[in-house]
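Colleague: Questions regarding the structure given below will be posed in turn.
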Amino acid sequence: MAKVVFLGLGVMGYPMAGHIATAGHDVTVYNRTTAKAEKWVAEHGGSYAVTPADAVADADFVFSCVGDDPDVLAVALGENGGNGAIAAMKPGAIYVDNSTVSADVAGQLYVAGKARSIGVLDAPVSGGQAGAENGALTVMVGGDQVAFDAALPVMECYGARVVRMGDAGKGQQAKMCNQICIAGLVQGLSEALNFAIAADLDTDALLEAISGGAAQSWQMVNRGDTMVKNEFDFGFAVDWMRKDLRICLEEAARHDAPLPVTKIVAGYYDELSQMGHGRNDTSSLIRRLRSS
Ligand code: NAP
């Protein structure tokens, strides 16, 4: 069993770190707001530290799941006033970032790690809060094969499907593809369900009929019913999706790959955020159609 550190006990990190502890690893946690770290230790055992650097000196594996580019740079590299982990880790240890951030940040972490003989993996996840709580996330990984092989057993504590995509940054690029697919799909689902309601269709019967056919999707199966009921107080937040789509649009521009639908849907999410719905689930796109 390994010495593992988990940095960031949010909606995702809290249960992910819990699964690592349940598997028997010796886990130390860090959270910017210490109360959450205290709660986690009371629930799962292990210990907590008050800075990332304090947490990691002894660790074989360090995981992070925080927010946007500046947040990962703060916890991993100590930029923006943070107290970074990588400079304090022992050579030979491995850093795994589960946050959804730019491929550029993944590359910066990889280079910083390499200089200290620390393996770095970008390993963003998909599957949402429920996937994290059930230990059933999909993990898309970029970085060296050797580091991937070493970290795989620990990633499998919270991941049902863990796939190495290639070198550093490729995990983040794979996650971008995931989010590009979701953006257009949720808008299509919103339009269909809004139309069904306007046409006075039986939406239960509709979902039963089409969720087994060619239009089927995870979003339809897991969110169709709640979209009809106007329930959005859960799941993957609009403001996180805005971050993700910004990252997608920036990266796609670098590769000269147009994302016309994604760009439009990103604007719709901006509108929802301006309407005060930034913490609602991404399926709330249907709300725009109803209010217009
Ligand atoms: P969250 O609930 O908002 O939690 C964010 C965590 O990061 C908190 O522990 C927060 O600490 C910490 N944090 C943020 N900025 C920090 C900084 N500058 N320095 C130190 N700690 C910082 O977010 P989440 O939903 O768990 O998401 C985390 C990451 O996973 C994001 O990149 C997100 O895009 C990605 N993700 C989320 C989902 C989802 O369904 N939620 C799904 C897939 C991927 P405090 O407690 O002190 O605020």
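Colleague: Over 26 Å, how big is the tail of the calculated P(r) for the chain, in percent of all Cα pairs?
Modeller: 45
Colleague: Determine the per residue accessible area of segment 198-258 with all protein chains present and a 1.4 angstrom probe, expressed in square angstrom. Could you put the intermediate results ahead of the total?
Modeller: Working: 3620 Å² over 61 residues.
Value returned for segment 198-258: 59 Å² of accessible area per residue.
Colleague: Could you compute how much accessible surface His277 exposes when probed at 1.4 Å, giving the result in Å² to the nearest 10?
Modeller: So the heavy atoms of His277 present about 40 Å² to solvent.
Colleague: Now for a different question. Taking the simple approach of a point 7 Å from Cα along Cα-to-Cβ for both Asp200 and Ser217, what is their distance in nm?
Modeller: Result: 2.9 nm between the two label points.
Colleague: Report, to two decimal places, the Cα Rg of segment 114-262 normalised by 2.2 N^0.38 Å (N = number of residues).
Modeller: Values: Rg = 18.2 Å, N = 149, 2.2 N^0.38 = 14.7 Å.
Here the answer is 1.23, to two decimals.
Colleague: Send over the per residue convex hull volume for segment 75-143, Cα only, as a whole number of Å³. Mind showing how you got there, number by number?
Modeller: Working: hull volume 7.0 nm³, N = 69.
Hull volume normalised by residue count: 101 Å³.
Colleague: Expressed as a fraction of 2.2 N^0.38 Å, the rule-of-thumb size for a compact globular protein of N residues, what is the C-alpha radius of gyration of segment 22-87?
Modeller: On the way: Rg = 11.8 Å, N = 66, 2.2 N^0.38 = 10.8 Å.
Ratio of Rg to 2.2 N^0.38 Å for segment 22-87: 1.09.
Colleague: Same structure, new question: Per-residue ellipticity at 222 nm for the chain, helices alone: DSSP H runs ≥ 4 residues times -39500 (n - 2.57), over residue total, nearest 500 deg cm²/dmol?
Modeller: The helix-only estimate for the chain comes to -15500 deg cm²/dmol at 222 nm.
Colleague: While we're here: Using θ = phi - 60° and the Karplus relation 6.51 cos²θ - 1.76 cosθ + 1.60, list the HN-Hα couplings for segment 200-207 in order, rounded to whole Hz, with x at every Gly or Pro.
Modeller: Taking θ as phi minus 60°, the curve returns 6, 6, 6, 6, 4, 5, 4, 5 Hz for segment 200-207.
Colleague: Could you work out the percent of alpha carbon pairs in segment 3-166 separated by over 21 Å, rounded to a whole number?
Modeller: On the way: 4867 of 13366 pairs.
Considering segment 3-166, 36 percent of its Cα-Cα pairs are separated by more than 21 Å.
Colleague: Also: Evaluate E = 1/(1 + (r/R0)^6) for Val261 and Ala57, where r is the Cβ-Cβ distance and R0 equals 41 Å; express this FRET efficiency to the nearest 0.05. The partial results should precede the final answer.
Modeller: Details: r = 47 Å, r/R0 = 1.15.
Efficiency, from the Cβ-Cβ distance: 0.30.
Colleague: Can you grab the distance from the C-alpha centre of segment 215-271 to the C-alpha centre of segment 2-29, Å, no decimals?
Modeller: Cα centroid of segment 215-271 versus Cα centroid of segment 2-29: 28 Å apart.
Colleague: While we're here: Do the alpha carbons of any pairs in Lys114/Lys243; Lys229/Lys263; Lys114/Lys263; Lys90/Lys175; Lys36/Lys263; Lys39/Lys170 sit beyond 32 Å of each other, and which pairs? Don't skip to the answer; put the middle values down first.
Modeller: Working: Lys114/Lys243 28 Å; Lys229/Lys263 27 Å; Lys114/Lys263 35 Å; Lys90/Lys175 29 Å; Lys36/Lys263 36 Å; Lys39/Lys170 34 Å.
Pairs exceeding 32 Å: Lys114/Lys263; Lys36/Lys263; Lys39/Lys170.
Colleague: Quick check: pseudo-label points 7 Å beyond the Cα along Cα→Cβ at Asp233 and Lys90, how many nm apart are they?
Modeller: Calculated label separation equals 4.8 nm.
Colleague: Then there's this: Using a 1.4 Å probe on the protein heavy atoms, what percent of the accessible area of the chain belongs to carbon and sulfur?
Modeller: On the way: 6840 of 12920 Å².
It is 53 percent, rounded to a whole number.
Colleague: What residue among Ser64, Ser102, Ser190 shows peak mean-square fluctuation when the chain is described by a Gaussian network model with Cα springs under 10 Å?
Modeller: Largest GNM mean-square fluctuation: Ser190.
Colleague: For Thr33 and Ser47, calculate 0.36 nm times their separation in residues minus their Cα-Cα distance, and state this gained length in nm to one decimal.
Modeller: That pair, Thr33 and Ser47, stretches by 3.6 nm at full extension.
Colleague: Another question, if that's okay. Give, as a single signed number, the net charge of other residues whose beta carbon lies under 14 Å from the beta carbon of Ala215, with Lys and Arg counted +1 and Asp and Glu -1.
Modeller: Numbers: positive: Arg223; negative: Glu191, Glu208.
Computed value for this residue: -1.
Colleague: Could I ask something else about it? For Val5, list long-range residues whose amide hydrogen, built 1.01 Å from N in the peptide plane, is under 5 Å from its own amide hydrogen.
Modeller: Sorted by chain and number, the residues that satisfy this are Thr28, Phe61, Val62, Phe63.
Colleague: Could you pull the Rg and Dmax for segment 174-290, using just the Cα atoms, both in Å?
Modeller: 14.3, 45
The values are calculated or read from the model by the stated rules, or taken from the named source; none is laboratory data. These figures come from a predicted structure and were not determined experimentally. For neighbour counting, all protein chains shown are included, and Cβ atoms are generated from backbone atoms with ideal geometry for every residue, glycine included. We work out accessible area using only protein heavy atoms, side chains counted, and drop any ligands, DNA or RNA first. Shrake-Rupley method; radii C 1.70, N 1.55, O 1.52, S 1.80 Å.
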